[in-house]
Structure formats: structure tokens, C-alpha cells
Amino acid sequence: MALHTQLQERSNNTCELCGNQGNLSAYAVPPKTDDRIEDQVVLCSTCFTQIQAADYSDVHHWRCLEGSIWSEVPAVKVLSYKLLSNLSNEEWARDAMEAAALDESFLTWANAEKELEAGKVIHKDSYGVVLASGDTVVLTQNLNVKGTNYIAPKGTIVRKIKLVADNAEQVEGKINGDTIVILTKFIRKSV
């Protein structure tokens, strides 16, 4: 994301986490994705690349968060907190998180992405393999198709399934031209 003039001024053309200069870009702090300057942080390529890859192994680099957590900019404070939580196995990171004492609204923003992930419905077949819309599955037993007098035999291939958004135990698929709901415990993902 290109840097807006206000972001350049706010950051003094430096990374708002580590202070590096050059090769800077704007980063919207998740789960926010908009172009509002209040939701963005100026990052150097090192910070940006490691955040995108979720690579926090360069612990020495991330010591900069001990300072950035005290920023007056809410987005910088929230991103610093999120990154420190990924480094919580380091004593210094835990100490920095405890010392910062974020407002409730900042904590809500910082934890929102994890809560969204936890709330996602994940469909798995009878063997625990994650399913996606468009997958091809195979029936693992004979199924009575309700509303018809047809039994779908074990081994029937169902192509291009659709996931039922609010129920992890159900998918939709077509068998003999009829769209039916199939329980995930009776299917396996086809290779």
C-alpha cells in the first residue's frame, strides 16, 4: 500500500515499529482492511515481510516492540501488542505486554482477528480432512436420499460440493441431478 502524505508526516518517514528508514509501506492492522489512516501503520520492508509471513523467529529484531507499544498512535500500539502476543514465549515480550496496559477498545481490536478465526466454521470429512467449496467427495456408506425413493450407494462421487455456512457437519452436493444435504461424517475428500 502506498504511503499517504499524512502517514509520511506522522512517521517522519521511518518504520513506526523499528525506526528503519527507506522502502516503507502502509499496513492496515487486521482485521481492518480499509484505507483509513487511523487504521494503518508505516512499516519497513523487514517488518512488513516478517509480519506477512508470520515469521517471528528474528527475536532480536522484534525487541523494537518494547518501545513501539508505547506509541501515541492507536494502530501502532495495537499492532505492537498483537506482535508481542506472538512472541509471548519470550520473557521480555510478556513483560512489555503487561506493562503497556492497553485500553479495552485497543484490546478488542488486537484480539478481533483471533476471535474471527475461532468463529469460522470448518468443515471436515469423516477422516478429519478439511473440505472447501468445489471439492469432490466420495460417499463412505449407502445413503437414503430424503424426498425420493433413491439410495445413493457407497462410493458415489459427488463433485463441486458447497459448504453449508452455518453448520460444519453439512455440505450440499448433487446426486442424480438433485441437490441434497450430506452429512460430513458420511463422506471423504477425493484426491
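The values are calculated or read from the model by the stated rules, or taken from the named source; none is laboratory data. Just so it is clear, the structure is predicted and the values come from calculations on it, not from any experiment. When we count neighbours, we look across all protein chains shown, and the Cβ atoms used for this are built from the backbone with ideal geometry, even at glycine.
In the same structural domain as D58 (by TED's automatic domain parsing), surrounded by 10 or more Cβ atoms within 10 Å (Cβ to Cβ) and under 30 Å from H60 (Cβ atoms): is that true of N111 in this structure? So N111 fits the description; yes. Does R10 satisfy the condition of being touching a residue at least 60 places away in the same chain (Cβ under 8 Å), among the basic types (K, R) and over 12 Å from L79 (Cβ atoms)? Considered against the rule, which asks whether it is touching a residue at least 60 places away in the same chain (Cβ under 8 Å), among the basic types (K, R) and over 12 Å from L79 (Cβ atoms), R10 comes out as yes.
May I ask you to say which residue of Q6, Q50 is loosely packed, with under 13 Cβ neighbours inside 10 Å and either touching a Lys or Arg at 6+ places or on another chain (Cβ under 6 Å) or part of a helix (DSSP H, G or I) (or both)? Even if it seems obvious, please write down each step before you answer.
Numbers: Q50 fails: loosely packed, with under 13 Cβ neighbours inside 10 Å.
So the residue among Q6, Q50 that is loosely packed, with under 13 Cβ neighbours inside 10 Å and either touching a Lys or Arg at 6+ places or on another chain (Cβ under 6 Å) or part of a helix (DSSP H, G or I) (or both) is Q6.
Considering (1) over 24 Å from the mean Cα position of the chain (by Cα); (2) within 18 Å of G173 (Cβ to Cβ), the lone condition that K124 does not fulfil carries the number (1).
Quick check on my filter: what residues within segment 171-189 are under 23 Å from K120 (Cβ atoms) and in contact (Cβ under 8 Å) with a residue 24 or more places away in the chain? Result: V171, G173, I182, T184, K185, F186, I187, R188, K189. Reported count of residues in segment 151-179, each being over 15 Å from D135 (Cβ atoms) and of a type in the set (G, A, S), is 4.
Entry remark, segment 20-31: residues being within 19 Å of Q6 (Cβ to Cβ) and either touching a residue at least 60 places away in the same chain (Cβ under 8 Å) or surrounded by fewer than 16 Cβ atoms within 10 Å (Cβ to Cβ) (or both) number 2 in total.
Does segment 157-191 hold any residues that are charged (D, E, K, R) and out of contact with any Lys or Arg (no Cβ under 6 Å at 6 or more places or on another chain), and which are they?
R159, K160, K162, D166, E169, K174, D178, K185, R188, K189
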